[in-house]
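The values are calculated or read from the model by the stated rules, or taken from the named source; none is laboratory data. Predicted, not measured: the structure shown is a model, and the values here were computed from it. Cβ coordinates were reconstructed from backbone atoms using ideal geometry, including for glycine residues, and neighbour counts include every protein chain displayed.
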Amino acid sequence: MPVRCYVQAHHVDARDTAAVGASQPLALWAAPTRIDDHGREALTILCRGERGELGASDLAGPLRPVVTAWAQGRVGAGGDGAWGARSTAAAATWLRAHGLDGDGRLGAELLAQLQR
């Protein structure tokens with residue numbers, strides 16, 4: 001039986017949950033009874049990312065830090081919700097490793113590629 005990371009969907013910053021969930025399969029603890037606002041935000045982004053529904057409008061909305069942390073988790077750049085030089089470099093490396101073009105800047109194109 002595989003061992004999976006588990007996270008609580010309550011009292012945990014949504015950015016942390018989104019980054020972990022984007023980087024590996026996870027199990028959720030205390031769902032659905034104790035999910036708080038951060039848990040709902042993280043689960044929303046994780047589910048939308050899994051379905052390929054994240055886009056440019058998500059980078060302009062109130063959940064931008066959570067979407068950013070999700071993208072950081074996908075490229076292996078941690079998950080603090082602030083896209084900088086380290087995240088850009090990690091994304092460029094991820095793109096090359098997957099045979100894709102791009103400069104690693106966070107935008108609609110990169111989001112689409114991360115959801116394939």
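The table that follows gives values for the structure above.
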{"quantity": "Filtered residues of the stretch 19-49 (kept if out of contact with any Leu (no Cβ under 6 Å at 6 or more places or on another chain), buried (at least 18 other Cβ atoms within 10 Å of the Cβ) and among the small types (G, A, S))", "calculated": "A19, A22, S23, G39, A42, G49"}
{"quantity": "Residue list for the stretch 30-46, filter: over 14 Å from the mean Cα position of the chain (by Cα) and either part of a loop (DSSP other than H, G, I, E, B) or under 17 Å from C5 (Cβ atoms) (or both)", "calculated": "A30, A31, P32, T33, R34, I35, D36"}
{"quantity": "Odd one out for A27 among (1) part of a helix (DSSP H, G or I); (2) touching a Cys at 6+ places or on another chain (Cβ under 9 Å)", "calculated": "(1)"}
{"quantity": "Positions within the stretch 73-85 being of a type outside the set (D, E) and either touching a Pro at 6+ places or on another chain (Cβ under 7 Å) or in a loop (DSSP other than H, G, I, E, B) (or both), in sequence order", "calculated": "G76, A77, G78, G79, G81, A82, W83, G84"}
{"quantity": "Near pairs, Cβ below 6 angstrom, 6+ apart or cross-chain, from the stretch 11-30 (within 10 Å of V66 (Cβ to Cβ)) to any residue that is modelled with pLDDT under 90", "calculated": "T17/V7"}
{"quantity": "Check on A22, modelled with pLDDT of 95 or more and part of a helix (DSSP H, G or I)", "calculated": "no"}
{"quantity": "Residue, surrounded by the fewest Cβ atoms within 10 Å (Cβ to Cβ), within the stretch 69-105, restricted to residues that are more than 24 Å from H38 (Cβ to Cβ) and of a type in the set (V, I, T)", "calculated": "T93"}
{"quantity": "Number of the exception - T93 against (1) assigned to a helix (DSSP H, G or I); (2) hydroxyl-bearing (S, T, Y); (3) farther than 17 Å from R116 by Cα", "calculated": "(3)"}
{"quantity": "Selection status of V7, at pLDDT below 80 and either in a helix (DSSP H, G or I) or of a type outside the set (S, T, Y) (or both)", "calculated": "yes"}
{"quantity": "Number of the condition not met by R15 [criteria: (1) part of a helix (DSSP H, G or I); (2) more than 20 Å from A91 (Cα to Cα)]", "calculated": "(2)"}
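Residue-by-condition table, conditions (1) assigned to a loop (DSSP other than H, G, I, E, B); (2) farther than 28 Å from A27 by Cα:
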position: R48; (1), (2): no, no
position: L59; (1), (2): no, no
position: A71; (1), (2): no, no
position: S87; (1), (2): no, no
position: G99; (1), (2): yes, yes
position: L106; (1), (2): yes, no
position: R116; (1), (2): yes, no
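Okay, residues lined up against (1) at pLDDT below 95; (2) under 30 Å from H11 (Cβ atoms):
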residue: A31; (1), (2): yes, yes
residue: R40; (1), (2): yes, yes
residue: T44; (1), (2): yes, yes
residue: G61; (1), (2): yes, yes
residue: A82; (1), (2): no, yes
residue: A89; (1), (2): no, no
residue: R96; (1), (2): no, no
residue: R105; (1), (2): no, no
residue: R116; (1), (2): yes, no
